[in-house]
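Just below is one structure, and these are the notes that go with it.
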Ligand SMILES: [Zn+2]
């Protein structure tokens, strides 16, 4: 079983003169985000149903813009969530788009859902405590959408 950690911190954009929140995903202590932006909607949706998710994307929200053509494949098993993570994540970095592998990560489903829920609550607190209001990433994501994700129920009745 692997351990998922999600953390958010405040950063400052010198060019745009605004603060924004960077969130990172790590698995077993190793940063998976690697400079990509975490998509909260994709992450929350992956708690609800299996599929291919662009959990890591460009800061503008367009995965293709970051050279990511393949998402993380999320499989739901009885009590676990399995991730098949493309390696490399962005196909530009391999130079040859056909050469990639999937690395497998397995999480306890309950733990997965509660970690993501807690991380979203932590993000909300940080966003509300910061004045002036920071930019959330990806760029089109905002506090109202975050509230919606936090309030949503999972198919099994647990909150995401
Ligand atoms: Zn972009």
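The values are calculated or read from the model by the stated rules, or taken from the named source; none is laboratory data. Being a predicted model, the structure only gives us computed values, none of them experimental. Ideal geometry is used to build each Cβ from the backbone, glycine not excepted, and the neighbour counts take in all protein chains shown.
Only one residue in 136, 75, 84 is closer than 14 Å to residue 23 by Cβ and either touching a strand residue (DSSP E or B) at 6+ places or on another chain (Cβ under 8 Å) or buried (at least 16 other Cβ atoms within 10 Å of the Cβ) (or both). Which one?
136
What pairs can you find where one residue is in the stretch 48-68 and more than 10 Å from the ligand (Cβ to nearest atom), the other is in a helix (DSSP H, G or I), and their Cβ atoms are less than 6 Å apart, with a gap of 6+ or different chains?
So the pair list comes out as 53/42; 53/46; 54/42; 54/63; 55/42; 55/43.
Residue under question is residue 84, and the condition is that it be more than 16 Å from the ligand (Cβ to nearest atom), at pLDDT 95 or above and within 17 Å of the chain's Cα centre (by Cα); does it hold?
For residue 84, the condition - more than 16 Å from the ligand (Cβ to nearest atom), at pLDDT 95 or above and within 17 Å of the chain's Cα centre (by Cα) - is met.
For the stretch 95-111, does any single residue satisfy the condition of being more than 16 Å from the ligand (Cβ to nearest atom), touching a residue at least 60 places away in the same chain (Cβ under 8 Å), touching a strand residue (DSSP E or B) at 6+ places or on another chain (Cβ under 8 Å) and not in a strand (DSSP E or B)?
Checking the stretch 95-111: at least one residue is more than 16 Å from the ligand (Cβ to nearest atom), touching a residue at least 60 places away in the same chain (Cβ under 8 Å), touching a strand residue (DSSP E or B) at 6+ places or on another chain (Cβ under 8 Å) and not in a strand (DSSP E or B).
For the stretch 31-47, enumerate the residues that are away from the ligand (no atom under 16 Å from the Cβ) and assigned to a strand (DSSP E or B).
Answer for the stretch 31-47, where residues must be away from the ligand (no atom under 16 Å from the Cβ) and assigned to a strand (DSSP E or B): just 31.
All but one of (1) touching a strand residue (DSSP E or B) at 6+ places or on another chain (Cβ under 7 Å); (2) not in a strand (DSSP E or B) hold for residue 25; which doesn't?
Every listed condition holds for residue 25 apart from (2).
Could you grab me the full set of residues in the stretch 89-117 that are surrounded by fewer than 17 Cβ atoms within 10 Å (Cβ to Cβ) and modelled with pLDDT of 85 or more?
Result: 101, 102, 103, 104, 106, 108, 110, 111, 114.
Conditions first: (1) modelled with pLDDT under 95; (2) outside any loop (DSSP other than H, G, I, E, B); (3) within 16 Å of the ligand (Cβ to nearest atom). Residue 12 passes all but one, so which condition is the exception?
Result: residue 12 fails condition (3) only.
Please work out if residue 125 is over 17 Å from the mean Cα position of the chain (by Cα) and under 24 Å from residue 8 (Cβ atoms).
Judged against the criteria, residue 125 is a match.
Do you know which residues across the stretch 117-152 are farther than 14 Å from residue 6 by Cα, in contact with a helix residue (DSSP H, G or I) (Cβ under 8 Å, 6 or more places away or on another chain) and free of Cβ contacts under 8 Å to residues at least 40 places away in the same chain?
Scanning the stretch 117-152 gives 128, 133, 143, 147, 150.
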